[in-house]
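These notes concern the structure reproduced below.
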Amino acid sequence: MKIISTDLKEHALALLENVRDGALCVVRFCRENAILVLVVLMLCVASIWYAKPMPPLHVVMSGGTPGTSYALMAQKYADYFAQNGVRLEIESSSGALENLQRVRDPNDRVMAGFVQSGIATETEAKGLLSLGSIDYEPVWFFYRDGQPVKSFVEVKDYLSQPIALGNAGSGTRVLASKLLKLTGMKQALDDNPHISTLPYQDYAQAFARGDIKSVLIVDGIESENVQALLKNPDVNITDFVRSDAYTRLLPFLQELVVPMGGLDLERNIPAHDIKLIATTTNLVVDKDLHPAIQLLFLQAARHINGEKSYFAKQDEFPSVKDGTIPQSEIARQFYANGVPVLMNYLPFWLGAFLGRLFWLLIPFATIAAFTYPFLRSLPTIRSDRLRKQIMALHVELNAYEVEIFRFYDPSRYASYVAQLEKIEKRVLSLKIIPAVAIDYSSLCSVIDSARNRLNATHRMDAQL
């Protein structure tokens with residue numbers, strides 16, 4: 001046991017000495033190459049700052065009008081973020097169009113929002129990134145009696161009586177305008193006195209009172225207004241029998257089917273399969289939103305919107321169904337490879353930090369692999385250069401000694417001394433490193449020897 005203990009102690013001491021020698025080498029290298037080390041450190045700091053490995057812990061999102069599917073879904077996202085240590089602050093809005101404007105505005109603190117497909121043009125999409133579609137937004141048209149004689153119902157047939165089409169500037173109004181233009185309506189909606197200006201949350205109550213005769217709503221089936229109208233026995237639901245034509249003319253639209261009895265099996269509502277058209281809810285973010293927060297939004301979308309719902313299949317969302325707004329590179333990686341492995345085992349902030357740092361270090365590791373031999377050779381290059389300078393001074397000094405002592409002229413003693421001092425001054429100006437200390441010391445000894453010999457020769461000559 002004593003022998004083993006002694007061996008372990010010796011190994012530990014050897015290891016300690018190696019570590020100490022390595023540390024001293026690093027310190028020496030940093031001292032000798034201070035400018036290079038400073039440049040590398042500055043590049044590292046700049047790269048870390050640019051890559052932003054540490055995500056923010058507070059993000060502002062624009063939701064929707066209270067009671068809408070946007071508002072309900074935004075709260076679910078806030079709860080998911082809170083579970084991961086990030087505060088997602090939700091700001092109410094009038095809907096998709098306001099969400100779009102807020103995220104686009106560089107002076108607004110909102111960094112994310114739900115945006116209805118089809119309302120953003122390519123110009124309006126500048127500065128924005130899409131994380132994908134997360135849900136369907138069916139177009140519901142509810143009406144009371146007065147159905148036209150023709151075999152299908154169109155929204156334009158109800159413009160001559162009180163109707164709600166979403167308020168001016170809302171996503172619903174934008175889509176209503178596009179649908180009506182397809183069916184031949186040329187009058188601007190804002191000029192129609194029959195269009196209601198009621199707040200969105202009052203639509204169902206206004207319909208129940210008879211204040212409005214029809215309602216166009218673009219919202220999820222779980223929204224309070226849609227549920228209230230579906231439960232109203234006086235409501236008729238439009239069957240978009242020409243849904244295929246709408247989806248071809250407006251590619252951002254999708255076709256959905258409500259089966260017979262799918263809304264109320266007891267009352268068999270609807271009495272037959274009906275077709276709906278639908279936009280999609282897109283999760284849109286500012287292009288400068290931290291990549292880790294984008295990834296957290298995608299994780300939330302998969303957790304919240306990936307489950308089977310009334311219209312969506314299991315794992316159908318999040319997905320890419322509208323390409324108007326450019327897709328985020330983070331989203332591309334997410335759809336191709338899923339969540340980074342670290343995010344499955346570590347807290348969000350730590351997994352995000354290490355993940356970003358890992359990808360940041362890859363280029364540095366690559367550069368280091370190529371530059372390490374060069375960096376290792378720097379001390380050698382410098383020592384070789386100094387040795388060449390010392391050798392050149394040796395040669396010059398030897399030649400000078402030959403000149404002095406082979407052809408010594410007592411009258412030139414002062415010039416001999418001055419020339420020797422010039423050589424010595426050049427020697428003393430060299431910035432010596434430990435690797436050439438012996439060579440340098442040898443050169444200094446040669447100079448001292450030459451000076452002593454010169455002085456001795458001069459004294460002997462003076463005595464003669």
Taking the Cα centre of segment 182-292 as the origin and placing charges on Cβ (Lys, Arg +1; Asp, Glu -1), which of 182, 276, 257 is farthest toward the positive end of the dipole?
182
Stokes-Einstein D in µm²/s, Kirkwood radius over Cα pairs - segment 214-317 at 25 °C with 0.890 mPa s viscosity:
153
Which of the lysines could a cross-linker bridge to residue 388, judged by Cα under 27 Å and excluding same-chain residues fewer than eight apart?
422, 425, 431
25 °C / 0.890 mPa s Stokes-Einstein diffusion coefficient of segment 90-234, Kirkwood radius on C-alpha pairs, µm²/s
149
Exposure proxy check on 229, 253: fewest-to-most Cβ neighbours within 10 Å is 229, 253
Taking just the alpha-carbon atoms of segment 374-464, what radius of gyration and Dmax come out, in angstrom?
16.0, 61
Overall dimensions of segment 58-339 by Cα: Rg and Dmax, Å:
18.7, 58
Give me 209, 173, 451 sorted ascending by neighbouring Cβ count inside 10 Å, so fewest comes first.
209, 451, 173
Within 15 Å, Cβ to Cβ, of residue 316, how many net charges do the neighbouring residues add up to if Lys/Arg are +1 and Asp/Glu are -1?
-2
Can you give me the Cα centroid spacing of segment 239-291 and segment 426-464 in angstrom?
96
Once the in-chain neighbours fewer than 8 apart are removed, the lysines whose Cα is under 20 Å from residue 156 read 178, 181, 186, 213, 275
The local net charge around residue 282, scoring Lys/Arg +1 and Asp/Glu -1 for residues other than residue 282 whose Cβ lies under 13 Å from its Cβ, equals -3
Based only on other Cβ atoms within 10 Å, what is the fewest-to-most ordering of 185, 111?
185, 111
I'd like to know which of 223, 99, 68 lies farthest towards the positive end of the charge dipole of segment 58-339, counting +1 on Cβ of Lys and Arg and -1 on Cβ of Asp and Glu.
99
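The numbers here are math on the coordinates, done by the rules we state, and not lab data. Here the structure is a predicted model, which means the values were calculated and not measured. All Cβ positions, even for glycine, are placed from backbone atoms using ideal geometry, and neighbour counts span all protein chains on display.
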